[in-house]
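Input: a single structure, listed below in structure tokens.
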Amino acid sequence: MIKETMQDDLAFIKGIIAESRKNRSASGIHLIVWGFLIPIGLIIDWFMIVKGLQGIKELYLWGLIIGSGWLFEMIYGWKVDRKKPVRTYAEKVDGFLWLSIGITLTILGFVGSSSGAIHAQFISPVFSTILAIGYFSSGFVYEVKWIRNLAFGWWGGAIIMFIFPGHYHLLLMAGMMIAFQTIPGFIIQKTWAD
């Protein structure tokens, strides 16, 4: 009985992977949008720190940027759901994975930093480690090694930022967003988008 259950579970997992391989309709638009918004915010934030303007203005800056990103996600999600009401199991898993990552990053960025629980110098490396989980998992779900391997770039950047903290990490994180998110977003959009 246990052997049959294990075989059924294995067959179910193989079916999901086969389904996701056939239906690679992942959209890179989410990566592109966030991959433009966040680097803009990081670079502006870096200039604000260099000019001694950090404080409440940073909260407004990030509120505008993150709010714009979430507004895009709601509008785009509504349009996609209307256009394509049926999604594969793999698409649902991947969508919920990234939704949970987005919510987590938003909470850590606003609540974690404003409460002082996470020092501002460590937000970027913490974000990098969480983004790595998303890329590693998405690459596995869709069986695309280069997407999975983007996680190593995120983890490597996080290690550097943890070992050598400073406001330069804002520029490093902006570069990582472009290299490991925006550019892959364009590749995914060109390759798989419906």
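Computed from the coordinates by the stated procedures, all read-outs in this text should not be read as laboratory data. All values derive from a computational prediction rather than experimental measurement. Glycine also receives a Cβ, built like all others from the backbone with ideal geometry; neighbour counts cover every protein chain displayed.
Things to note:
- When Rg and Dmax are taken over the Cα atoms of the range 27-185, they come to 15.8, 50 Å.
- Pairs of Cα atoms nearer than 8 Å and 6+ residues apart set the relative contact order; for the range 94-194 it is 24 percent.
- Once the chain from ILE183 to SER27 is taken as fully extended at 0.36 nm per residue, the excess over their C-alpha distance is 54.9 nm.
- Legend: calculated FRET efficiency, TYR168 to TRP70, from the Cβ-Cβ distance at R0 = 41 Å, rounded to 0.05, equals 0.90.
- Farthest towards the positive end of the charge dipole of the range 27-185, among the residues PHE96, GLY116, VAL50, is the Cα of PHE96, using unit charges on the Cβ of Lys, Arg, Asp and Glu.
- Normalising the average separation of contacting C-alpha pairs (under 8 angstrom, six or more residues apart) by the number of residues puts the relative contact order of the range 27-185 at 37 percent.
- Given their separation in residues at 0.36 nm each and the Cα-Cα distance between them, ASN149 and TYR89 gain 19.3 nm when the chain is fully extended.
- With the highest mean first, a sort of the peptides 114-121, 150-157, 59-66 on other beta-carbon atoms found within 10 angstrom per residue produces 150-157, 59-66, 114-121.
- Cα-Cα over 22 Å, subset of LYS79/LYS145; LYS83/LYS190; LYS145/LYS190: LYS79/LYS145
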